[in-house]
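Scroll down for the structure; my scribbles are underneath it.
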Amino acid sequence: MNPGDLYLQKRISIPEAIGKIQSHQSVGVAMAASEPPGLLTELGKHRDRLEDVSVWICLPMGSYHFVLDPSMEGHFFIENWFYGAADRKVHSQGRTSYIPNNLHQAATRKLYGAKNRVNVFLGSATPPDARGYMSLSLGLVLEKQLIEVADIVILEINENLPWTLGDTQVHISEVDYVVENHVPLPQFPPDVPSEAEEAIGGFIAEMIEDGSTLQLGIGGIPNAITPFLMHRKDLGIHTEMFTDGMVDLYNAGVITNRRKTLWKGKMVGAFALGTQKLYDFVDNNLGVEFQQGKVTNDPNVIGKNYRMISINTALQVDVYGQVCSQSIGCRHFSGTGGQLDTHRGAQLSDQGRGIIALRSTAKGGTLSTIVPVLAEGAEVTVPSQDVDTIVTEYGVADLKGLCVRDRALALINIAHPDFREQLKEGVMRVGIVPKFSVPVAWRDKK
Ligand code: COA
């Protein structure tokens with residue numbers, strides 16, 4: 001059968017597609033900007049027909065009834081490995097739970113773990129070309145792995161999705177059903193950087209030399225640093241997430257990817273999340289290579305890049321150097337995503353560096369983000385054994401190889417000045433450092 005006829009044969013309506021899901025099944029969903037909004041909106045409408053369906057998601061963009069509505073209890077349970085705003089809101093209702101993992105292992109650990117079935121995969125793709133190939137477009141973290149293992153594969157076809165290149169192709173013969181829903185893409189504009197974020201951007205830019213390859217994580221700070229890199233030459237990108245800031249650097253001639261070790265001449269990433277500017281940029285762009293998350297985020301692959309610099313952000317860091325980026329105490333906030341993968345990978349690289357940058361305070365300056373010990377229940381995203389460089393708007397703390405006393409000193413020196421004395425006393429009080437033989441003030445003058 002020719003590919004066009006095969007496509008028409010597999011095309012069904014959105015309600016019919018969700019009708020393929022049965023009670024007690026497990027549903028895997030494409031993540032972030034590649035989530036299928038039509039199918040996910042429909043899912044909650046099948047509540048009365050479905051019981052005990054587990055839905056496996058990551059960084060959802062939309063606000064869907066099957067997630068938000070308390071009456072979904074017993075019908076859908078959400079397993080999520082990176083919370084978005086909606087999941088944070090409903091976590092306390094007990095219908096959602098976080099899956100701890102690393103991005104490069106996200107699919108593998110789930111599929112080969114104890115609950116290893118994905119009965120139905122719900123994803124998105126571009127319309128097919130004349131040969132029947134579609135592009136998985138904005139998401140390749142685990143989507144292709146799920147297509148390979150799911151019993152039923154359903155793709156939502158959206159002509160607004162960019163045709164991205166790399167390992168993104170899927171053929172109509174590999175898919176069971178397609179539905180059509182040509183809606184606008186989710187927009188995720190970067191925040192305007194605060195003064196503190198600009199200061200952090202300045203410090204980080206000083207650590208990035210010409211010819212470096214960068215990973216920029218999710219959150220305000222990684223985006224805030226891009227304007228500070230405009231004078232650099234021949235930067236490269238090897239990241240999990242493509243962002244708007246990278247487009248600005250490319251258009252300014254700063255990113256050339258010319259001096260990269262791997263995929264020379266190409267930006268490499270696993271998913272794209274930003275505004276239409278980014279989606280237009282990645283469309284049919286031979287200079288942008290999408291690879292699966294198991295490849296882009298394998299620390300051993302990342303580490304092969306020369307001068308690989310990873311830049312991620314966090315919520316709290318304690319004086320051991322334990323980094324918490326995913327919870328506020330016991331309240332789960334986001335996920336590890338690729339933070340530990342890239343932090344480790346950068347340190348395997350010749351001349352590489354793993355940077356965690358955070359504002360020195362939160363909640364309008366009332367809380368220090370540098371603390372003696374992490375808040376009770378905080379989840380460690382980067383363990384103290386792996387931590388490299390911490391940056392705040394007050395400077396840079398290079399923690400590798402330092403004993404805990406010296407880590408505490410280095411971190412107190414980049415804490416907000418209003419909290420430094422209190423931090424020092426707190427660290428001594430709990431006995432992490434019983435006595436600072438070198439006064440913090442002396443260190444300040446060095
Ligand atoms: N104590 C209490 N609340 C804190 C806090 C602290 N130490 N630090 C931050 N917060 C609050 C902020 O006030 C803000 O609250 P609000 O939403 O009510 O304003 C909220 O937490 C988010 O903080 P913010 O710094 O604005 O977040 P961000 O959008 O810049 O994202 C992370 C920062 C760390 C949450 C985000 O980068 C993340 O989830 N990272 C984890 C994984 C990762 O980096 N992976 C790599 C890419 S896949």
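Data for the structure
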{"read-out": "Between region 249-328 and region 369-413, the alpha-carbon center distance in angstrom", "value": "23 Å"}
{"read-out": "Segments 4-11, 349-356 sorted - mean Cβ within 10 Å per residue, highest first", "value": "349-356, 4-11"}
{"read-out": "Peptides 187-195, 201-209, 392-400, 301-309 ordered by average Cβ neighbours within 10 Å, highest first", "value": "301-309, 392-400, 201-209, 187-195"}
{"read-out": "Centroid-to-centroid separation of region 122-150 and region 29-65 [C-alpha atoms, Å]", "value": "17 Å"}
{"read-out": "Convex hull volume per residue for region 95-254, taking Cα atoms only, in Å³", "value": "168 Å³"}
{"read-out": "Principal axis dimensions, region 43-135 - Cα atoms, whole angstrom, descending", "value": "46, 31, 25"}
{"read-out": "Average projection area in nm² (convex hull over Cα atoms of region 236-319, one quarter of hull surface)", "value": "6.7 nm²"}
{"read-out": "Förster radius 30 Å - calculated FRET efficiency between residue 93 and residue 176 (Cβ-Cβ, nearest 0.05)", "value": "0.40"}
{"read-out": "Shape parameters for region 129-221, alpha-carbon atoms, Rg then Dmax in Å", "value": "19.0, 52"}
{"read-out": "When region 295-446 is reduced to its Cα atoms, the Kirkwood hydrodynamic radius in Å", "value": "15.7 Å"}
{"read-out": "Cβ-defined net charge surrounding residue 176, 14 Å radius [Lys, Arg +1; Asp, Glu -1]", "value": "-2"}
{"read-out": "Scattering curve values for the chain, log₁₀ I(q)/I(0), Debye with Cα scatterers, q = 0.06, 0.08, 0.09, 0.13 Å⁻¹", "value": "-0.27, -0.47, -0.59, -1.14"}
{"read-out": "Neighbourhood net charge (15 Å Cβ-Cβ; Lys/Arg +1, Asp/Glu -1) for residue 49", "value": "-2"}
{"read-out": "Partners for residue 20 among lysines (Cα-Cα distance below 26 Å; same-chain residues under 8 apart left out)", "value": "10, 45, 110, 115, 144"}
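Quick note: the coordinates plus some simple rules give every number you see, no bench work behind them. Everything quoted here is computed from the prediction, not taken from an experiment. Reconstructed Cβ throughout: ideal geometry from the backbone, glycine too, with neighbour counts over all protein chains shown.
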